Structures are given as C-alpha cells and as structure tokens.
C-alpha cells in the first residue's frame, strides 16, 4: 500500500512539474511574441530621415546606375532606333567600370587654350583613413612609365605631356582612333599624347588629339568609340526647361548648368538630347564648362544619363 502510495505521489509530482514547465514555457513564449511584436512596431514606427528638397532634386536629376538602365531600356523599347544608336545605348547601359578615357562610351573634349585641346578625365577619390586618395587609370599609367620623378613644382599649374608613353603602350600599332562630335558635325581623329595637370584646386589628365581635320572654329564637344546618328538641332523648349530647372539654392559652388543648351538629338527619339555649356573657342569664362546627355521624361523632368564638367572655379579649394 505504501509502495502504491509512493508511486501515486511521484506521478502527481511529475505531472505537476510538467504542467508548471508548460506554463512557464507558455509565459516565456508569450513574452517573446510580445517582444517581437514590439520590435517590429518600433522598426515600423522608426521613420527614415526625410529627404530635403535639394536631396530629391539631385537624386531625380542624377539617378543611380540601376535606374539609368531602366530609363535606357525604356528608350530602346519605345523608339525605332538606328543600328548605330542601338549599339551605342546598349554600350552606355552596360558600361560598369571606368576605362582609359578614350575607351569610354562617352568622354568630354575641352579646348583650354588655342594650342591645347583634348579628351579630359578627372581622378576619382577614395577615402583611406583620414585622407582622400586620387584614383585614376591614367595616373597609374603615368606612374608606371615615369619611373624617374622630376621636380613636380616645375610643372605645377601647367600641363605636362609624356610624348613616349602612348608610343610604348601601342608599340608597333597605330594609336587608337576616336569619333569626335561638334555642334554640327561628326569627324574622326587619333589620340596623340597623354598629359597631366595639377594645381592646388584642379587635377586632370588629358589625351591630346590630332587636329589636322579640326579647325579653331569647330565647337568640339565630346568623343566616343561608337558612331552615334544625330540630328543636329537646337530645341528652345528644352533650353528653357534647362534654365528653369537650375536650382541655385541647391549648389555648394558656382556652377554653369543654367547656361546649358541643346545641340543634337539622338536620331529615332524625340526626348534624348546632347547638351553643353561652353564659351567657344576657349573654355576660360564659365565656372564649369560641361557636356551631357539628357532624357526628358513624361513629367517633363530632366534626367542626366551622362554628365561631365571641368571645374574652373576651383570648388575643391573652398
């Protein structure tokens, strides 16, 4: 009898412990569920920092690469494009990394003096520790070639060309040809020499070009290794839109984008234009001479698919 009673008491105790454990687990689970819900609610209630009007302005006008691709896909799907323009737009869409400037889908050409005209490219900057370090394929090329370092102060504020560099790069081969585009025509020429310019407020690399077929009156704007079929025309409506789209309050430095104007439309489209701001024949009056390819969306907004400028004001010194 005592044995049976002991078994009965033991079973009762085990059942009681099991019930208590289940109850404790239920309470813990409920607490975890409440905690999870609270966490979700906190996340949902935690709003993202609100963008300023200027932030929205820049994001809309200069979209990231993935959004640019969507715009270009839309242009391709909705227009009857020539074979050349289809090849060009697909190349623009698929260019993922910077190459040597003359190999890029589009590259700006500037005339900075009567004797100096060429394809310009500017270093990108990468933060390493507390310093911003310039990065450029042209800089790497010059560093490999120019093993004997001369006094850089002798060339400070002057363009320094390396006449033998491209000869050694394209040994036993002709230097690359490029297509150049002016305000009213397309031509072909070759790159000649690579040079570098640096002062306290500006740094760039320049590929000089053969000017036999280029006169000082030609308003040369950009180059491409692709042939682009253009309709040379000025669109006053878009010029007016460019001027009204200028947001001085969103600028940190003086800028000449309000002076941009159209000069050519990509054949087969009615909303894809090349534009520029310049003071021909020499770029020496504007703060930021520029070249760009813009798309006008259905909301009449200006979207930059490509943009390049040279900062003659010296914003980096501010």
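The values are calculated or read from the model by the stated rules, or taken from the named source; none is laboratory data. Quantities reported herein were computed from a predicted structural model and do not represent experimental measurements. For neighbour counting, all protein chains shown are included, and Cβ atoms are generated from backbone atoms with ideal geometry for every residue, glycine included.
Worth a mention:
- Among the residues of segment 92-110, the ones that are under 26 Å from residue 219 (Cβ atoms), in a helix (DSSP H, G or I) and either in contact with a strand residue (DSSP E or B) (Cβ under 9 Å, 6 or more places away or on another chain) or free of Cβ contacts under 8 Å to residues at least 24 places away in the same chain (or both) come to 3 in all.
- Here the condition is being under 27 Å from residue 285 (Cβ atoms), modelled with pLDDT under 95 and either buried (at least 18 other Cβ atoms within 10 Å of the Cβ) or within 15 Å of the chain's Cα centre (by Cα) (or both); of 98, 138, it holds for 138 alone.
- Flag for residue 121 being under 30 Å from residue 164 (Cα atoms) and touching a helix residue (DSSP H, G or I) at 6+ places or on another chain (Cβ under 6 Å): yes
- Checking 246, 304 one by one, the residue that is touching a helix residue (DSSP H, G or I) at 6+ places or on another chain (Cβ under 8 Å), over 21 Å from residue 185 (Cα atoms) and assigned to a loop (DSSP other than H, G, I, E, B) is 246 and no other.
- Listing of strands (runs of 3 or more DSSP E) fully contained in segment 176-223 that carry 3 or more residues being touching a helix residue (DSSP H, G or I) at 6+ places or on another chain (Cβ under 8 Å): 186-198
- Consider segment 46-91 and keep the residues that are outside any helix (DSSP H, G or I) and under 14 Å from the mean Cα position of the chain (by Cα). The one that is nearest to residue 251 (Cα to Cα) is 62.
- So residue 299, is it within 26 Å of residue 56 (Cβ to Cβ) and assigned to a helix (DSSP H, G or I): no
- Members of segment 166-175 that are in a loop (DSSP other than H, G, I, E, B) and surrounded by 15 or more Cβ atoms within 10 Å (Cβ to Cβ): 175
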